[in-house]
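Laboratory data are not the source of any read-out in this text; all were calculated from the coordinates shown. Predicted model, so just to flag it, every value in this text is computed and none were measured. Using ideal geometry, Cβ is built from the backbone for each residue, glycine included, and neighbour counts are taken over all protein chains shown.
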Amino acid sequence: MPIVKLNKVERKRFIVLVACLLCAIGAWLFLALNQKYAYTAKTVLIYKDFPQKKAFKALQTDTVDLQVEGTGWQLLFARLRVNPQSITVSLEKLNTRNFILFSEQLPQINKQLETSQKIISVKPDTLYFDFSKRTNKRVPLKLRYDFSFVKQYGIASQIQLKPSYVNISGPQEELAKIKEWYTDTLKLKNLQHSAITRVAIKTNNMVNVSIYPTSVGIKVPVDEFTEKTIEVPLNLINNLDFYDVKLYPKKVKVTFMVALSRYEEIDEDFIVANVDVNEWKLLKHEQLTVKIVRFPEYCKLVNVNPTKINFIIEK
């Protein structure tokens, strides 16, 4: 393949030609990108100005297509990111009708965009809503937590929530599905003293349901635990034929961990231990198994001695 050899003057002319060509392309590109174009951008709707006396449900998705007028530069970068990512729409008109027109709110929506952009239209232009009677309901609030304790410490009694419930309002069919509500997860580490704090309730993702309050006060009673042993009498159950049953022994020793502040309070009345006659009558067991059927909620069972009971039945 022949190689074209240029002398010094010709090389200089060629470089000038290429430079002029690049400048012309750059100038054309600059002018083209500075012109106005219309492009489509998907965006998410955020509602405000909710109707106070109505519960509503949107009959379409919360994503719409915006016809946005902007420069070529904005069109170029819109390929890389959605712009705008969201727009806020007022629902004030739902107090008198069941639809919202974007064309009525274009001036307010355009104020949310960059000054050099302008929304020409929204597709769909009309949002329709289904209404139902708005009702109120009170449901219990449940705490989600992740606690760790210094050795020998733990929760001494029931965790207190103030308030212990939340008020929810919305469509009756939506409220019927809600039986309880949870807080965000409360994380406390290396506890050895009672803690008082506040935690936010779980975020409400339902547009037509409102929840109050948005946070709750929490008191976590923490105390040092120690070991305690109590002798508990055995209860005989399912003795439907009124056998004369002799138990050996008649009591069992229950060992558990209890908070120091409740050490004297917890006695045998807090614990119920049963043995079942049907173990002998139906299952033909030679010993009866001890079952703890009632135990203090904030104590920790260590062991029961013995766990199997000898017995004599006199017919």
Taking Lys137 as the anchor, which aspartates and glutamates have their alpha carbon closer than 14 Å to its alpha carbon, excluding any fewer than eight residues away along the same chain? Glu173, Glu174, Glu180
Considering every pair of different Cα atoms, what Kirkwood radius, in Å, is found for the chain? 28.0
0 to 90° range, to nearest 10: angle between helix 8-34 axis and the chain longest Cα axis: 60
Run down the lysines and flag those whose C-alpha is under 16 Å from the C-alpha of Lys118, throwing out any fewer than 8 positions away in its chain. Lys36, Lys42
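Treating only the Cβ atoms of Lys and Arg (+1) and Asp and Glu (-1) as charged, compute the dipole magnitude of the chain about its Cα centre; round to the nearest 20 debye. Working shown, then result.
Details: 46 positive and 31 negative charges, 353 e Å.
Computed charge dipole of the chain: roughly 1700 debye.
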Quick one: if you stick a label point 7 Å off each Cα along the C-beta vector at Lys42 and Lys291, how many nm between them? 5.7
Separation in nanometres of the label points that stand 7 Å from Cα toward Cβ, at Gln60 and Lys179: 3.7
With N set to the residue count of the range 243-310, report its C-alpha Rg divided by 2.2 N^0.38 Å to two decimal places. 1.28
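Around Thr126, under 12 Å between beta carbons, what's the net of Lys plus Arg minus Asp minus Glu among the other residues?
Working: positive: Lys93, Arg97, Lys123; negative: Glu104, Asp125.
Net of charged neighbours comes to +1.
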Using Cα positions and a limit of under 20 Å, work out the aspartates and glutamates in reach of Lys151, with same-chain residues fewer than 8 apart set aside. Asp223, Glu224, Glu227, Glu297
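Can you tell me the FRET efficiency between Ser148 and Thr88 if r is taken as the Cβ-Cβ distance and R0 is 51 Å, rounded to the nearest 0.05?
Values: r = 42 Å, r/R0 = 0.82.
After rounding, the FRET efficiency stands at 0.75.
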As an exercise, use a Förster radius of 51 Å and the Cβ-Cβ distance of Glu231 and Leu101 to find the FRET efficiency, rounded to the nearest 0.05. 0.05
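Once every DSSP H run of n ≥ 4 in the chain is given -39500 (n - 2.57) and the sum is divided by its residues, what mean residue ellipticity at 222 nm do you get, rounded to the nearest 500 deg cm²/dmol?
Numbers: 5 runs with 47 residues, N = 315.
The helix contribution divided over the chain gives -4500 deg cm²/dmol.
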What percent do you get for the relative contact order of the chain when only Cα pairs under 8 Å and 6+ apart count? 13
Got the relative contact order for the range 226-314 handy, in percent, Cα pairs under 8 Å and 6 or more residues apart? 38
Of all beta bridges DSSP finds with both residues in the chain, what is the antiparallel percent, to the nearest 5? 80
Would you pull out the residues with amide H under 5 Å of Tyr47's amide H, same chain only if 5 or more places away, H placed 1.01 Å from N? Val89
Tell me the net charge near Lys137. Cut-off is 15 Å between Cβ atoms, Lys137 excluded, with +1 for each Lys or Arg and -1 for each Asp or Glu. +2
Net charge, Ile271 excluded, C-beta distance under 14 Å - Lys, Arg +1, Asp, Glu -1: +1
